[in-house]
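S.K.: Got a structure here, written out as structure tokens. Questions coming.
The values are calculated or read from the model by the stated rules, or taken from the named source; none is laboratory data. Please read all numbers here as calculations on a predicted model, not as lab measurements. Every residue, glycine as well, gets a Cβ built from its backbone with ideal geometry; the counts of neighbours run over all protein chains shown. Please note that ligands, DNA and RNA were not included when accessible areas were found on the heavy atoms of the full protein model with its side chains. Shrake-Rupley method; radii C 1.70, N 1.55, O 1.52, S 1.80 Å.
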Amino acid sequence: AELLGRGEARRLMAAGHVPTQALSDISRVVRRCDVIDGSTKSRFDLHLDELSNAIVTCERLIKTPVPLVYTRHAGRFLALWVLLLPFALAGELDSNFLMVPISTLVAVFFFGIEELGIQIEEPFSIMPLDDVVLGIDQRLCQMLDHDVSLADQPIGPDASPLAAQADGAARGGGAEGPGGGLF
């Protein structure tokens, strides 16, 4: 809300599909900007298309349900396999006291892998998206503040030599370099 302002943030959040509205707003701003040349605008449109495709892919991932039968079947099969594992190990291991720790270790690893699979089925519920969005917001605000603070300062070949002299004097070195000139 800090970057957009409260009214604009409310308008965006009230949209039927927030990502599409945000992309539309960004595209509209770029099209109306007179400072950006045509080739940069077309490259920007290509990047917006890539972003739009990424949004569609993410939505497809989150809206594609994994059948509950699949998850239940995998869990039941794994439980049966772990229960039968000691019988398979009985013929292979000479000492029966190793069977319990080996079966337990194998069961812990396989049930851990099953739990990871269940979490990966819905990746957006375990990802720290709020932290990612907050970090992006902070960096954008910092970039905008930096751009606004430097807006009045000349940069590049049009910069005044007086700015270089003032900068050198502020550092304590004076305006003259080692050869007696400005630089």
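S.K.: Quick one: how many residues across region 117-134 are closer than 10 Å to VAL66 by Cβ, open to solvent by less than 90 Å² (accessible area, probe 1.4 Å) and of a type in the set (A, V, I, L, M, F, W, C)?
M.R.: The total comes to 1.
S.K.: When THR71 is evaluated against the numbered criteria (1) closer than 17 Å to PHE111 by Cα; (2) free of Cβ contacts under 8 Å to residues at least 40 places away in the same chain, which criterion, by number, is the only one it fails?
M.R.: (2)
S.K.: Can you tell me which condition ALA15 does not meet? The list is (1) surrounded by 10 or more Cβ atoms within 10 Å (Cβ to Cβ); (2) small (Gly, Ala, Ser); (3) in a helix (DSSP H, G or I), and all the others hold.
M.R.: Of (1) surrounded by 10 or more Cβ atoms within 10 Å (Cβ to Cβ); (2) small (Gly, Ala, Ser); (3) in a helix (DSSP H, G or I), only one is false for ALA15: (3).
S.K.: Shifting gears a bit: Name the residue, out of LEU84, LEU89, LEU93, LEU51, that is open to solvent by less than 100 Å² (accessible area, probe 1.4 Å), of a type in the set (A, V, I, L, M, F, W, C) and not in a helix (DSSP H, G or I).
M.R.: From the options LEU84, LEU89, LEU93, LEU51, the qualifying one is LEU93.
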